1. Please tell me if ALA186 is at pLDDT 95 or above and among the small types (Gly, Ala, Ser).
2. If I ask for residues that are modelled with pLDDT under 95 and either among the hydroxyl-bearing types (Ser, Thr, Tyr) or closer than 14 Å to PHE220 by Cα (or both), which ones from region 191-207 would you list?
3. Which one of the conditions (1) among the aliphatic types (A, V, I, L, M); (2) buried (at least 17 other Cβ atoms within 10 Å of the Cβ); (3) under 20 Å from LEU346 (Cβ atoms) does ALA97 fail to meet, given that it meets all the rest?
4. For region 348-356, check the following and say yes or no: at least one residue is crowded, with 20+ Cβ neighbours inside 10 Å, in contact with a Leu (Cβ under 6 Å, 6 or more places away or on another chain) and closer than 23 Å to LEU258 by Cβ.
5. In this structure, does GLN120 turn out to be of a type outside the set (D, E, K, R) and within 30 Å of ARG18 (Cα to Cα)?
6. In region 281-296, which residue that is in a helix (DSSP H, G or I) and free of Cβ contacts under 8 Å to residues at least 24 places away in the same chain is nearest to ILE340 (Cα to Cα)?
7. Take the residues in region 96-124 that are outside any helix (DSSP H, G or I) and among the hydrophobic types (A, V, I, L, M, F, W, C), then tell me which one is farthest from the chain's Cα centre (by Cα).
8. Identify all residues within region 11-60 that are surrounded by fewer than 17 Cβ atoms within 10 Å (Cβ to Cβ), without any contact (Cβ under 8 Å) to a residue 24 or more places away in the chain and under 27 Å from the mean Cα position of the chain (by Cα); write none if there are none.
Amino acid sequence: MSDSLMRLRVEKLIWRGRGLARPADAPVVIVEPGVLPGEEIQARITKRHKDYLRAKCETVLEPASERRPHPCPASPACGGCRFGITSQRTQLALKQAIMADTLRRHLGKEVPASVLESPQVVPSPKGWRYRWRGQLHVHQGQPHLLGQGSHAKVPIERCLLFARPLAEALPRLARDLPDGRHTVAASPVDHAVASALETHRLSLPLPGGLAVDVLPQTFFQANQSLNPTLVEHIRSWCPAGSRVADLYAGAGNFGLPLAQAGNPVFAVEGDGPALQAARTTAARSGLDHWQGRQADLRHERAWKPILEFQPDVVVADPPRSGSGPVCRHLLHIPSLERIIWISCDLTNSARDVRSFLTQGWQLTSLALFDMFPQTWHMEGVFILDRRGSNG
């Protein structure tokens with residue numbers, strides 16, 4: 001059946017923004033992103049699996065009422081913003097449904113439906129031009145992005161997701177960079193632009209008048225218009241005066257504002273330049289409540305100082321791949337009463353969160369931050385409390 005055409009009705013969207021269809025005379029069909037629930041499409045089958053088929057939409061026969069023309073001329077060849085076919089409000093509703101569906105399948109036995117289906121939903125102030133950091137593919141001195149579901153390079157002149165100073169600098173950056181993939185970034189403070197091959201620092205604002213100066217390759221939240229709201233929510237979920245272990249602390253996005261609010265903070269980060277940037281800001285700002293240590297949390301020796309710190313709360317923003325070994329260590333911190341788990345990959349985080357739920361913890365709150373408008377990506381925040389704790 002590979003390479004054959006099928007007429008399908010899209011039932012819903014699932015993880016990674018893919019469409020799901022259930023034809024009466026064939027297995028379930030998973031359709032590449034770019035379709036909306038309720039649409040009737042003509043799709044080409046691209047791969048056959050034992051229990052399902054994969055397909056790509058070739059024609060939308062009956063579009064959903066929410067569908068709109070995509071504003072970017074590089075779409076649909078470029079795979080960067082496949083949700084640009086509908087409004088930001090509709091995107092948020094779709095993401096909430098995807099989150100509920102994904103977590104129900106992974107956590108439905110341990111968490112009440114009322115928690116999974118009613119997250120706090122926080123929209124982005126900007127729907128376009130919100131990214132101050134991203135990946136650029138360079139080929140023969142020209143800027144490119146990757147195509148949908150492939151490694152094909154799509155030439156671009158501008159990108160509507162990048163903040164204007166960064167978008168306008170893409171041609172110049174590409175001329176100066178060798179072929180390959182590069183991290184590029186810009187400062188929301190002074191609009192300075194750099195690639196990861198450069199060594200001058202970019203200034204990033206934090207709530208409370210703080211600022212941190214990072215190298216271009218240092219990770220920071222790309223959506224700087226929503227990041228202050230995320231930080232304020234994290235701060236509100238940490239009880240006043242609670243001792244906070246900030247794991248995967250980066251350049252202090254959460255830990256520095258928490259220390260400014262009076263919480264003793266012990267930050268752990270594996271990237272030396274990122275931790276040094278946070279340390280410099282803490283010293284410059286007189287944040288005596290903040291202390292940091294460079295360590296790899298996968299190693300046993302990283303955990304002794306965390307245990308000695310006796311945290312009440314852990315704030316963890318692990319990599320996309322999840323952090324199974326860290327979960328095992330957190331379960332053995334006697335003082336710990338709350339875990340705030342931040343993730344841009346719900347499937348891997350559900351696996352991590354489930355390890356807490358089976359060991360005496362409960363998911364008391366869930367939030368969805370729309371850090372990546374026009375894409376299927378979302379930032380999920382899980383608030384876990386030890387059973388019997390007052391939170």
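1. Spelling it out, ALA186 is indeed at pLDDT 95 or above and among the small types (Gly, Ala, Ser).
2. ALA196, THR199
3. (2)
4. For region 348-356, residues crowded, with 20+ Cβ neighbours inside 10 Å, in contact with a Leu (Cβ under 6 Å, 6 or more places away or on another chain) and closer than 23 Å to LEU258 by Cβ: present.
5. Criteria met by GLN120.
6. Here the answer is ALA283.
7. The extreme case among them is VAL111.
8. Of everything in region 11-60, nothing turns out to be surrounded by fewer than 17 Cβ atoms within 10 Å (Cβ to Cβ), without any contact (Cβ under 8 Å) to a residue 24 or more places away in the chain and under 27 Å from the mean Cα position of the chain (by Cα).
The values are calculated or read from the model by the stated rules, or taken from the named source; none is laboratory data. Small disclaimer: the values here were computed from a predicted structure and weren't measured. In this analysis, Cβ positions are derived from the backbone assuming ideal geometry, glycine residues included, and neighbour counts consider all displayed protein chains.
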